[in-house]
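Encoded as structure tokens, the structure appears first; notes follow it.
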Amino acid sequence: MEIKHLNIVFKISERCNLKCDYCYFFFGGDETWKKHPPLVPRKVVHDLGAFAARAARDHQLESINLIFHGGEPLLMSKPRFSEMCEALRSYEDGFRFGFALQTNGVLVDDVWIDIFERYQVRPGVSLDGPPVVNDLHRLDLKGRGSYDATVAGLRMLQKAAAQGRISSPGLLSVINPFADGAKVYRHFVDDLGVTHMNFLTPDYTWDSVIPEPVIRGVERFLMATLHAWLAGKNPKIQIRVFSELLAAMVDPKAMELVHTYRDDYRSIVGVSSNGDLGPEDTLRTADPRFASMGLNVANNDLRDLLESSTWQEQADAVTIKPDKCKSCDWWKICKAGRPIHRFSKARGFNNHSLYCAGLKDMYAELGAFLVRNGTPLSDIALRLAS
Ligand code: SF4
């Protein structure tokens, strides 16, 4: 299998200063993190640098996105983090790393911002909504809400971005099925001044026991958010899940980008703090096969991972239509959603998305918005069919 992009999610810290009760990484059933180093050792950083350089050479990649992830990546000491960035940059030979980092924001301070500026690290912050929503699940180790500390960190990052020192921090938000999506969205935009965000549907598989109101609640949240976003008519506010789909329905180039985004799941490589390789890490909780593949950056090349049967199985998920999606008009922009939401132990990825009904509503509403604003329905239909 060939790839055109490579995104590496690098678990530099497999511990956290928060204890969010829905966290797939610590509480999703995969406990391999307990056997891994809490912080990535220097040797693994160098092994990863060499692995990435081999991958860039073998697959003709000019850039590799490297997302510093956790647990909480800012639990690493600042000198060690700087040293890690220097070490990784030393392997850039004919390719360039794009550094990004996903944080809960609690530990952000001026020194961290200096480091992000120096090493061009693009920060993203995790927050689920106003305190009444966020602090239901995103708690610190003493059980206290994390909203105030996260927002303090977010504001520091926003200030540095306004000064042109770092890129503007986006928000990543896990949908609370019982919250009002419109209120969460308006809080992010009006109260926090956020312009880029994405909403994640909770990480369930078809094997999870999920009460029906949870699924319906997620669908309701998505639609409320979508209506609030469309009503705002502010092109500067981007919600990735909506913005990309809207563009794809009118612009063939954007449609290609959506395909790239869907294909991204085939180019997301997870690297644990011990150097173990695997697919994007929400799949770890779906089946132990995805958590321990027996491959490591110290001994293996990217090709070993791409050619393994376990990898192939999840990579095929993006191109092979599940039975239930075979006659669906939305397949081209949907591809049955995220792989984790298609998975069951009995049928692998041969399932439609758990959130299928909500996805269909979302696509239909985006299409209707375009038609109301002058795009011929036939153009959209052509784009979806071609
Ligand atoms: S909307 Fe549902 S049926 Fe259609 S492609 Fe997506 S998951 Fe499959």
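Anything in region 1-32 that is part of a loop (DSSP other than H, G, I, E, B), hydrophobic (A, V, I, L, M, F, W, C) and at pLDDT 90 or above? List them, or say none.
Step one: of region 1-32, the residues part of a loop (DSSP other than H, G, I, E, B) are 1-6, 12, 14-17, 19-23, 28-31.
Subsequent filtering for residues that are hydrophobic (A, V, I, L, M, F, W, C) retains 1, 3, 6, 12, 16, 20, 23.
The answer is 6, 12, 16.
Only one of (1) in contact with a Gly (Cβ under 6 Å, 6 or more places away or on another chain); (2) crowded, with 18+ Cβ neighbours inside 10 Å; (3) within 22 Å of residue 223 (Cβ to Cβ) fails for residue 178. Which number is that?
Among (1) in contact with a Gly (Cβ under 6 Å, 6 or more places away or on another chain); (2) crowded, with 18+ Cβ neighbours inside 10 Å; (3) within 22 Å of residue 223 (Cβ to Cβ), residue 178 violates only (2).
Quick check: anything in region 80-96 polar (S, T, N, Q) and farther than 25 Å from residue 5 by Cα? Please lay out each step first, then the result.
Initially, region 80-96 is screened for residues polar (S, T, N, Q), giving 82, 90.
Filter again for farther than 25 Å from residue 5 by Cα, leaving 82.
Yes: region 80-96 contains one or more residues that are polar (S, T, N, Q) and farther than 25 Å from residue 5 by Cα.
Please name all residue pairs, on different chains or six or more residues apart, with Cβ atoms under 6 Å, provided the first residue is in region 321-335 and is free of Cβ contacts under 8 Å to residues at least 60 places away in the same chain and the second residue is more than 8 Å from the ligand (Cβ to nearest atom) and in a loop (DSSP other than H, G, I, E, B).
Qualifying pairs under 6 Å: 322/350; 322/351.
Restricting attention to region 34-48, which residues are in a helix (DSSP H, G or I) and buried (at least 21 other Cβ atoms within 10 Å of the Cβ)? Talk me through it step by step, then tell me what you get.
Initially, region 34-48 is screened for residues in a helix (DSSP H, G or I), giving 34-35, 42-48.
Residues satisfying the conditions are 44, 45, 48.
Identify all residues within region 326-341 that are within 8 Å of the ligand (Cβ to nearest atom) and either assigned by TED's automatic domain parsing to the domain that holds residue 289 or of a type in the set (D, E, K, R) (or both); write none if there are none.
329, 335, listed by residue number.
Quick check on my filter: what residues within region 186-201 are outside any helix (DSSP H, G or I) and surrounded by fewer than 19 Cβ atoms within 10 Å (Cβ to Cβ)? Talk me through it step by step, then tell me what you get.
Of region 186-201, the ones outside any helix (DSSP H, G or I) are 192-201.
Residues satisfying the conditions are 192, 193, 195, 196, 198, 200.
The values are calculated or read from the model by the stated rules, or taken from the named source; none is laboratory data. The structure displayed is predicted, hence computed values, not measured ones. Cβ sites come from the backbone with ideal geometry, for glycine too, and all protein chains shown count toward neighbours.
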